[in-house]
Amino acid sequence: VSGRGRGAGQMGRGRAISTRQNQRSAERERCTVSIEGLSSSTTDIQLKNLLRSIGPIEMFKMIPQQRKAVATFSSAQHAASFQMSFHRHMIDLSHIDVSLIDG
């Protein structure tokens, strides 16, 4: 019985620490979004319009051969908002995957 209790305590402690670290890095840095699963017909203009509908962007890079784009917002809040609004959104018959990454 004590063995099970100890194991759960360690997991609980580990989870709390990792959550705190994730929150800290999200608040500090995560202004960059990765957009994957793009259709080959999706243009950079379409994506920039989507991005700017949320907030100002500092950097935008499209990588057509990987069907991917990376964009950096001026605020982490805008990046999180973009992910919440457009993750699994359909553009040109492709569902895009939006994730927050460290820029």
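Points to keep in mind about this one:
- Residues that are within 13 Å of the chain's Cα centre (by Cα), small (Gly, Ala, Ser) and assigned to a strand (DSSP E or B) were ranked within the stretch 54-94; the one that is surrounded by the fewest Cβ atoms within 10 Å (Cβ to Cβ) is Ala69.
- Only listed residue being modelled with pLDDT under 95 and either charged (D, E, K, R) or under 16 Å from Cys31 (Cα atoms) (or both), chosen from Asp97, Asp92, Asp102: Asp102
The values are calculated or read from the model by the stated rules, or taken from the named source; none is laboratory data. Nothing here was measured: the structure is a model prediction, and the numbers come from that model. For neighbour counting, all protein chains shown are included, and Cβ atoms are generated from backbone atoms with ideal geometry for every residue, glycine included.
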